[in-house]
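Heads up, the thing below is written out as structure tokens.
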Amino acid sequence: MKEKDGTIDCPQQQVILFVEKEDGKYEPIQTGSYLTKNFLDDYELKRRHLEESLKKQVLLGKVSPIYYFMILEDLTLSELSSRAGIRKGKVRKHLEAAHFNAIPQETLQLYADVFNITVPDMLKILVVTSADSTNTNTGS
């Protein structure tokens, strides 16, 4: 890549690229991230839509908060099972809202550790009802 092609105006995220200078030598330059400049807003919009969809599913009792965080963290059933140290069959059961209330506190803590959150934070689902107010509903 030529130096002029590698120069991106994106102060939020800087990267180091090796580019071809006018003399034909490759040298590093600090420049903005092409992906951040051109695609971050699209990613954030899709992420917000995913979060909203998952929140609705939790509030309607279709899935548990465990499922909500598993999807947001982009984990598979096997990965969550392995990281939490819980059998896959039991994790699969815990993804269902109907079985969520019976999960022991110690097991909830294992999941919270995987998601890098506290158990109380795992049990909260925030629903924005207007631009001015926020209601907190529990997933339990």
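The values are calculated or read from the model by the stated rules, or taken from the named source; none is laboratory data. Values in this document were obtained by computation on a predicted structure and should not be read as measured data. Every residue, glycine as well, gets a Cβ built from its backbone with ideal geometry; the counts of neighbours run over all protein chains shown.
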Qualifying residue in the stretch 31-52 (condition: more than 30 Å from I117 (Cα to Cα), modelled with pLDDT under 85 and in a strand (DSSP E or B)): yes
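Let's see how each residue does on (1) modelled with pLDDT of 95 or more; (2) part of a helix (DSSP H, G or I); (3) touching a Lys or Arg at 6+ places or on another chain (Cβ under 6 Å); (4) among the polar types (S, T, N, Q):
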{"site": "F69", "(1), (2), (3), (4)": "yes, yes, no, no"}
{"site": "I103", "(1), (2), (3), (4)": "yes, no, no, no"}
{"site": "V114", "(1), (2), (3), (4)": "yes, yes, yes, no"}
{"site": "D132", "(1), (2), (3), (4)": "no, no, no, no"}
Test: residue in the stretch 28-43 that is under 30 Å from E3 (Cβ atoms), without any contact (Cβ under 8 Å) to a residue 24 or more places away in the chain and charged (D, E, K, R): yes
Of all residues in the stretch 44-67 being in contact (Cβ under 8 Å) with a residue 60 or more places away in the chain and over 14 Å from the mean Cα position of the chain (by Cα), the one that is surrounded by the most Cβ atoms within 10 Å (Cβ to Cβ): S64
The stretch 75-101, residues that are at pLDDT 95 or above, assigned to a loop (DSSP other than H, G, I, E, B) and not hydrophobic (A, V, I, L, M, F, W, C): T76, G85, R87, E96
